[in-house]
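Heads up, the thing below is written out as structure tokens.
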Amino acid sequence: EPTKAGKDLKPSDSASEGFEVVTKKVTESELGKWLKSSGSPIAVATTGHWGSGSGHIEALAFVNGSGESVWCAAAEGGETLASWLASSAEKILHDAKGPMLAFNAMGTPLNGVAFDTAIASYLVSPGGRNFELADLVMRYLGKSLDADSSESSAQLSLDSSLEISGEALAKAARATLDLSEFLKLDLQKRGGESLFNQVEMPLVPLLAEMEAFGIAVDVKALKKLEASFEADAAQAVKQAHDSVGHEFNLGSPKQLQEVLFEERGLPKTKKIKTGYTTDAESLLGLLAKFPDDELLTALLRYREVIKLKQTVTGLLAAVQSDNRIHTSFNQMVAATGRLSSTEPNLQNIPIRTNEGFAIRGTFVVGKDFETLLTADYSQIELRVMAHLSNDPGLIAALKTGEDLHTTVGSQVFGVAPEKVDADMRRQIKAMSYGLAYGLSAYGLAQQLSISNDQAKSLMNTYFERFGGVRDYLANVVVEARKLGYTESIMGRRRYLPDLNSDNRQLREMAERMALNAPIQGSAADLVKVAMLQVDAALKAAGVKSRLLLQVHDELVIEVAKGELEQVTAIVVQNMGAVGDLSVPMEVSTGIGTSWASAGH
Ligand code: DCT
Ligand code: MG
């Protein structure tokens with residue numbers, strides 16, 4: 001009789017404050033029998049390695065609902081293991097995306113992961129920095145995993161100590177099972193089940209798939225770009241040297257201070273331990289006062305191109321033998337709910353600059369495909385803000401389909417839309433996004449280079465026209481202070497204990513987060529649902545085209561020959577239908593053989 005998880009769980013030996021698990025190595029046929037009699041769910045822990053869209057699993061341990069355990073070497077599991085992994089039999093894993101990559105690469109895909117304890121703990125504590133199994137069981141269950149297994153299961157060696165590894169793995173599986181019981185209840189208490197089950201869990205295999213696909217790169221063009229940024233940097237160095245009249249190290253803060261504040265006699269910046277700061281912000285401040293200063297211009301240009309060069313070098317290092325870049329999407333890093341990526345970090349590629357355009361130009365369509373298709377949401381934060389605030393003016397402005405910032409500008413400045421000039425539009429745009437990001441009047445003044453009073457008065461006029469937005473934002477903070485958290489449209493919470501801090505700086509930072517978190521969190525919800533629905537619709541249509549990337553509010557799809565029209569329709573329809581907001585979700589698309597030319 002299969003055992004329901006939790007029902008017959010033997011309480012672990014709390015005296016030892018560890019996990020006592022009896023396990024044994026099994027053959028393929030023993031594994032088959034054990035799995036059959038164990039039912040579901042089964043907690044699984046693996047050892048192996050993974051990353052860059054691939055990986056390999058060495059061994060697996062299994063723990064069933066009664067706390068019984070077996071383990072086996074992956075190579076000895078045979079068809080029995082493969083078919084169980086591929087089946088929908090419910091599995092519980094900790095941070096399953098890595099093992100999914102590895103199993104996919106081995107040709108034995110892992111399906112049926114019903115509960116990922118890392119993902120669950122992220123939703124319970126989205127600001128957490130550490131989602132290692134050993135730390136979580138210590139935090140939530142007050143129990144320790146043995147040192148060798150807490151080393152992250154990927155580190156275990158199988159060579160000389162097979163039995164020890166099996167035991168450590170079994171403990172990890174048992175810890176995962178116990179943790180899942182705890183987190184399931186905790187998620188329930190926090191109303192996070194549907195976000196977990198409908199969004200975050202289904203996203204895990206999708207992200208693994210996208211990482212395995214990767215995106216093709218024109219390596220030659222990328223190397224050229226690296227060389228050209230190097231040349232730009234060298235030129236900026238020369239300009240700086242020429243301007244000063246002698247050589248110096250642009251990377252040395254000490255030499256910089258001497259050149260800037262002594263030799264050049266520029267006004268001193270903020271005092272720091274080692275003299276005066278030469279950070280980007282203060283140099284920009286100086287440049288604003290001395291716009292013709294060649295040294296400042298060269299210095300800032302140098303820093304910019306060095307960063308670009310590093311980005312490109314990082315991209316080159318990430319290219320795999322298939323000439324594709326397989327980034328790792330991270331579901332647990334951003335407290336807002338947004339995805340982030342590493343190796344490479346795709347958010348690092350500048351959006352609007354020529355250099356960013358050049359970098360995206362080296363991401364190209366793969367050889368068996370016809371084109372890249374990009375699709376992104378316009379003004380997603382402002383649409384979310386309109387929906388959440390229910391402000392009739394902002395909703396109407398978004399429904400007209402006219403240029404949003406012009407429409408809002410015309411109302412705030414009280415002039416006809418055609419009288420809203422570029423500068424007015426720019427101010428209004430900064431104002432609107434500023435509100436969505438919790439920007440203060442001071443921050444707005446800085447951004448627009450206007451006085452604090454001017455910024456305040458702009459804000460007041462804005463709020464007169466859009467009172468719903470003002471009331472909503474004011475209420476968000478009050479509510480969050482009372483509850484201790486904010487919530488997105490789909491119930492994604494952000495806990496902000498500092499809202500009640502005695503420290504004014506901490507409190508104000510928490511207030512800005514409270515303003516932004518529901519908007520940013522809802523945008524994250526919507527983009528994630530869009531990914532899932534686009535992916536499901538592409539699969540249902542049986543096309544070969546596939547989702548490759550998600551970055552900012554954009555999806556990048558690789559389109560197979562002859563499928564463009566169908567795929568564009570699927571993408572636009574599914575992205576547009578997400579969320580059921582009180583305003584339309586506007587989607588714009590572009591096509592091209594590179595990510596740059598597919599931009600819009
Ligand atoms: N953004 C911001 N603050 C600004 C401008 C932009 O936070 N002052 C962010 C949020 C939106 C994102 O950048 C994209 O910027 P744009 O494309 O410039 O925004 P837009 O609303 O689409 O405006 P436009 O119609 O001018 O493209
Ligand atoms: Mg835009």
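The values are calculated or read from the model by the stated rules, or taken from the named source; none is laboratory data. Everything quoted here is computed from the prediction, not taken from an experiment. Cβ placement follows ideal geometry from the backbone for every residue including glycine, while neighbour counts extend to all protein chains displayed. Accessible surface is based on the protein model in full, side chains and every heavy atom, while ligands, DNA and RNA are left aside. Shrake-Rupley method; radii C 1.70, N 1.55, O 1.52, S 1.80 Å.
Just the residues that are assigned to a helix (DSSP H, G or I), in contact with a helix residue (DSSP H, G or I) (Cβ under 6 Å, 6 or more places away or on another chain) and charged (D, E, K, R), please, taken from the range 93-144.
Result: Lys97, single match.
Considering (1) within 12 Å of ligand 1 (Cβ to nearest atom); (2) at pLDDT below 95; (3) among the small types (Gly, Ala, Ser), say which one Gly409 fails and leave the rest.
(2)
For the condition at pLDDT 95 or above and out of contact with any Pro (no Cβ under 9 Å at 6 or more places or on another chain), what is the one hit in Ala89, Ala105?
Details: Ala89 fails: out of contact with any Pro (no Cβ under 9 Å at 6 or more places or on another chain).
Selected residue: Ala105, the only one of Ala89, Ala105 that is at pLDDT 95 or above and out of contact with any Pro (no Cβ under 9 Å at 6 or more places or on another chain).
With the structure loaded, tell me whether Ser125 is at pLDDT 50 or above and within 19 Å of Phe196 (Cα to Cα) or whether it fails that test.
Numbers: at pLDDT 50 or above: yes; within 19 Å of Phe196 (Cα to Cα): yes.
When the stated conditions are applied, Ser125 passes them.
What are the residues in the range 325-353 that are open to solvent by 30 Å² or more (accessible area, probe 1.4 Å), more than 12 Å from the chain's Cα centre (by Cα) and away from ligand 1 (no atom under 16 Å from the Cβ), if any?
Across the range 325-353, the qualifying residue is only Glu343.
Give the residue, chosen from Ala96, Ala75, Ala114, that is farther than 22 Å from Ser165 by Cα and of a type outside the set (Ser, Thr, Tyr).
Details: Ala96 fails: farther than 22 Å from Ser165 by Cα; Ala75 fails: farther than 22 Å from Ser165 by Cα.
Every option except Ala114 fails the conditions.
For Gly438, all conditions in the list (1) part of a loop (DSSP other than H, G, I, E, B); (2) of a type outside the set (A, V, I, L, M, F, W, C); (3) under 18 Å from Leu398 (Cα atoms) hold save one; what is the number of the exception?
Evaluating Gly438 over (1) part of a loop (DSSP other than H, G, I, E, B); (2) of a type outside the set (A, V, I, L, M, F, W, C); (3) under 18 Å from Leu398 (Cα atoms) leaves (3) as the failure.
Please give the number of the condition Val415 fails out of (1) within 14 Å of ligand 1 (Cβ to nearest atom); (2) open to solvent by 30 Å² or more (accessible area, probe 1.4 Å).
Result: Val415 passes all but (1).
Kindly check whether there is at least one residue in the range 223-237 that is farther than 30 Å from Arg264 by Cβ and open to solvent by 60 Å² or more (accessible area, probe 1.4 Å). Give the steps one after another, and end with the answer.
Filtering the range 223-237 down to residues farther than 30 Å from Arg264 by Cβ leaves 223-227.
Next cut, open to solvent by 60 Å² or more (accessible area, probe 1.4 Å) only: 223-224.
The answer is yes, given that some residue of the range 223-237 is farther than 30 Å from Arg264 by Cβ and open to solvent by 60 Å² or more (accessible area, probe 1.4 Å).
Which condition breaks for Leu203 when tested against (1) closer than 21 Å to Ala317 by Cα; (2) assigned to a helix (DSSP H, G or I)?
Here Leu203 meets the rest and fails (1).
For the range 543-587, which positions are of a type in the set (Val, Ile, Thr), assigned to a strand (DSSP E or B) and either within 16 Å of ligand 1 (Cβ to nearest atom) or free of Cβ contacts under 8 Å to residues at least 40 places away in the same chain (or both)?
Step one: filter the range 543-587 for residues of a type in the set (Val, Ile, Thr), giving 543, 551, 556-557, 559, 567-568, 570-572, 578, 583, 587.
Now drop any that are not assigned to a strand (DSSP E or B), which leaves 551, 556-557, 559, 587.
Hits for the range 543-587 are Val551, Val587.
Name the one entry in Leu458, Leu515, Leu496 that is out of contact with any Leu (no Cβ under 6 Å at 6 or more places or on another chain), within 16 Å of ligand 1 (Cβ to nearest atom) and of a type in the set (A, V, I, L, M, F, W, C). Please lay out each step first, then the result.
Values: Leu515 fails: out of contact with any Leu (no Cβ under 6 Å at 6 or more places or on another chain); Leu496 fails: within 16 Å of ligand 1 (Cβ to nearest atom).
Step by step, each of Leu458, Leu515, Leu496 is checked, and only Leu458 is out of contact with any Leu (no Cβ under 6 Å at 6 or more places or on another chain), within 16 Å of ligand 1 (Cβ to nearest atom) and of a type in the set (A, V, I, L, M, F, W, C).
The rows are residues; the columns are (1) in a loop (DSSP other than H, G, I, E, B); (2) among the hydroxyl-bearing types (Ser, Thr, Tyr).
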position: Val237; (1), (2): no, no
position: Ser243; (1), (2): no, yes
position: Glu247; (1), (2): yes, no
position: Lys254; (1), (2): no, no
position: Gln257; (1), (2): no, no
position: Leu260; (1), (2): no, no
position: Gly265; (1), (2): yes, no
position: Ser282; (1), (2): no, yes
position: Ala288; (1), (2): no, no
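From the residues in the range 362-400 that are touching a residue at least 24 places away in the same chain (Cβ under 8 Å), assigned to a loop (DSSP other than H, G, I, E, B) and surrounded by fewer than 20 Cβ atoms within 10 Å (Cβ to Cβ), which one is nearest to ligand 1 (Cβ to nearest atom)?
Narrowing the range 362-400 to residues touching a residue at least 24 places away in the same chain (Cβ under 8 Å): 362-395, 398-399.
Within this subset, residues satisfying the condition of being assigned to a loop (DSSP other than H, G, I, E, B) are 362, 365-368, 378-379, 390-391.
Of the ones still in play, those that are also surrounded by fewer than 20 Cβ atoms within 10 Å (Cβ to Cβ) are 366-368, 378, 390.
On the way: Gly366: 28, Lys367: 32, Asp368: 33, Ser378: 5, Asn390: 21 Å.
Ranking the qualifying residues of the range 362-400, first place goes to Ser378.
Enumerate the pairs (first residue in the range 414-433 and in a helix (DSSP H, G or I); second residue anywhere and open to solvent by 50 Å² or more (accessible area, probe 1.4 Å) and within 9 Å of ligand 1 (Cβ to nearest atom)) with beta-carbon separation below 9 Å, excluding pairs fewer than 6 apart on the same chain, so at least 6 apart or on different chains.
Matching pairs, first to second residue: Pro417/Asp403; Arg425/Asp403; Ala430/Leu439; Ala430/Gln447; Met431/Leu439; Tyr433/Leu439.
When the range 546-600 is examined, which residues are found to be open to solvent by 50 Å² or more (accessible area, probe 1.4 Å), at pLDDT below 95 and closer than 20 Å to Gly214 by Cα?
Hit for the range 546-600 is His552, nothing else.
Check whether at least one residue in the range 434-448 is over 28 Å from Ser488 (Cα atoms) and either within 13 Å of ligand 1 (Cβ to nearest atom) or within 29 Å of the chain's Cα centre (by Cα) (or both), and report yes or no.
For the range 434-448, residues over 28 Å from Ser488 (Cα atoms) and either within 13 Å of ligand 1 (Cβ to nearest atom) or within 29 Å of the chain's Cα centre (by Cα) (or both): present.
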